[in-house]
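Everything on this sheet refers to the single structure shown next.
The values are calculated or read from the model by the stated rules, or taken from the named source; none is laboratory data. A quick note: this is a predicted structure, and the numbers were derived from the prediction, not measured. We place every Cβ from the backbone using ideal geometry, glycine too, and count neighbours over all the protein chains shown.
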Amino acid sequence: MAAELQLAESCQILPWAFRLLNDEDWHGEAATDAIAADILIIAASTAPPLPLNVSRWLDPVIHRKRGSDAALVALLGVEEDSDRRDATELLDAIRQAAGRAGLDFFPASPRSRVEEIVDRIQERSETVTPVLEKILQLRRLALPTTKVPYPR
């Protein structure tokens, strides 16, 4: 990916599998890499919650990144409605932890959620609400009925 984006020299990708965080030695190595990273991406293809070993690893890592210019990205593979509530709770917990540490946070929404948001925006753009109607009426009243010459 870094090569495709022509970032090979300035970008180093260090993936860590969740299962390695159970091992004491790998746990520490992964934490060291994560603390040094400019962007920390937590990606899971399964529904929340995160495995306990990941949560135990993530909390102190986020805390140690306090004051850095780092960003935290959460990519959780949740599509089913039954899992959406758990995913929202997990994202909120990660967002709050990132906020306490002063990190930028970027969650990814499941595709179905993005499509739902786009549809809702489209619907709202086509709807004249009572508030919008009042604004339009006030604007019509404020428009001058005669042409005023522009001073030269």
Inset, instruction - Tally the residues that are in a helix (DSSP H, G or I), of a type outside the set (Ser, Thr, Tyr) and within 24 Å of GLY67 (Cβ to Cβ), restricting the search to the range 22-50. - result: 9
Legend entry - Filtered residue count, the range 96-115, keeping only those that are surrounded by fewer than 17 Cβ atoms within 10 Å (Cβ to Cβ), modelled with pLDDT of 70 or more and either outside any strand (DSSP E or B) or among the acidic types (Asp, Glu) (or both): 7
